[in-house]
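To start, the structure itself, in structure tokens.
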Amino acid sequence: EPEVTQTPSHQVTQMGQEVILRCVPISNHLYFYWYRQILGQKVEFLVSFYNNEISEKSEIFDDQFSVERPDGSNFTLKIRSTKLEDSAMYFCASNVPGQGYNSPLHFGNGTRLTVT
Amino acid sequence: DAKTTQPPSMDCAEGRAANLPCNHSTISGNEYVYWYRQIHSQGPQYIIHGLKNNETNEMASLIITEDRKSSTLILPHATLRDTAVYYCIATGSGNTGKLIFGQGTTLQVKP
């Protein structure tokens, strides 16, 4: 079964550094998402992306964050200047448009970002 | 999206059916009920969804009450690998698939 793949599985960075988290969504999917989960807390929506533009973003997704689909297969999340509170698991997800409903999201297994 | 309420935790004996309840009393007519689970910090995994009718797939069954104000996810023969946090989410066709996760139910399957 096709999978969403994320790299790296674990990223350690120093405060103030830029990081790029990478995702390869399922090939025929059209909607792409980033979620994050701080240790012990809920899974939180960050951003959705469709047709090469952001379709929705949460309050968490401020100017420090950006997303890009640089080619036909990758979907990236960039954090420009990391803060300690950005430490979390970051999950990428994708789906196809449903017919009258939201087709299920397929999630990757995440990148654990540790900011020191 | 309608608010959902789930018990914070449940236990189930291995091999028995696990019945996970969810209340969504404010659900509107075009909102579906989705169930996902998260096994120990892995990415959430889709299980099943439904609108009005009961649904069954290879993973689970979903029973939705006639008034649609509550539902039950049934894992017919729980295994230790079903130990996870289970999320019930009610969401409509109007959005592109953004999910709002609550705290879910932590299901512990015991030998």
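None of the figures in this text is laboratory data; all of them are computed from the coordinates on show. From a predicted model like this one, the values you see are computed outputs, not experimental measurements. Counting neighbours? That spans all protein chains shown, and the Cβs are built from the backbone with ideal geometry, glycine included.
Jot down the per residue volume, in cubic angstrom and as a whole number, of the convex hull over the alpha-carbon atoms of the protein assembly as shown.
Roughly 122 Å³ of hull volume per residue.
Pull up the DSSP beta bridges for the protein assembly as shown and report the antiparallel fraction as a percent, rounded to 5.
90
Share of antiparallel DSSP beta bridges in chain B, in percent to the nearest 5?
Percentage antiparallel, nearest 5: 85.
What area, in nm² and to one decimal, does the C-alpha convex hull of region A:1-104 cast on average over all directions?
Answer in nm², one decimal: 7.2.
Computed FRET efficiency, Cβ-Cβ of B:M59 and A:N52, R0 25 Å: what is it to the nearest 0.05?
Using R0 = 25 Å, I get an efficiency of 0.15.
Does anything in region A:43-75 have its amide N under 17 Å from the 7 Å Cα→Cβ label point of A:T13, and if so which residues?
The answer is A:46-47, A:60-70, A:75, whose backbone nitrogens lie closer than 17 Å to the label point.
Counting partner chain Cβ atoms within 10 Å of every residue's Cβ in B:37-49, what's the average?
What the average comes to for B:37-49 is 5.
Strictly under 4.7 angstrom between C-beta atoms: which cysteines of the protein assembly as shown have no such partner?
B:C12
Using C-alpha positions alone, give me the convex hull volume of region B:1-103 per residue in cubic angstrom.
About 96 Å³ per residue, rounded to a whole number.
Please identify every one of the GluC sites (Glu not before Pro) in region A:1-96 that sits in a loop by DSSP and has no more than 12 other beta carbons within 10 Å of its own beta carbon.
In loop regions of region A:1-96 (DSSP not H, G, I, E or B), the sparsely surrounded GluC sites (Glu not before Pro) are A:E18, A:E59.
Quickly work out the A:V24-to-B:T26 label distance, labels modelled 7 Å from Cα along the C-beta direction, and quote it in nm with one decimal.
Rounded to a tenth, the inter-label distance reads 4.3 nm.
Can you give the local net charge around A:P8? Use residues other than it whose beta-carbon is closer than 11 angstrom to its beta-carbon, Lys and Arg +1, Asp and Glu -1.
+2
Within a 10 angstrom radius of each residue's Cβ in A:103-113, how many Cβ atoms of other chains show up on average? Whole number is fine.
That average works out to 4.
What's the longest uninterrupted piece of chain B once you rule out the trypsin sites (Lys or Arg not before Pro) that are loop residues per DSSP with at most 16 other Cβ within 10 Å?
That gives B:70-111 as the longest site-free run.
What average number of partner chain Cβ atoms lie no more than 10 Å from the Cβ of the residues making up B:84-92?
Across the residues of B:84-92, the mean count of other-chain Cβ atoms within 10 Å is 1.
Estimate the FRET efficiency between A:E1 and B:Q42 by the formula 1/(1 + (r/R0)^6), using the beta-carbon distance for r and 22 Å for R0, to the nearest 0.05.
Efficiency computed from Cβ-Cβ geometry: 0.90.
Once you've got the Cα coordinates, tell me which of A:K42/B:K69; B:K3/B:K110; A:K57/A:K83; B:K52/B:K110 are over 21 Å apart.
Too far apart for the 21 Å limit: A:K42/B:K69; B:K3/B:K110; B:K52/B:K110.
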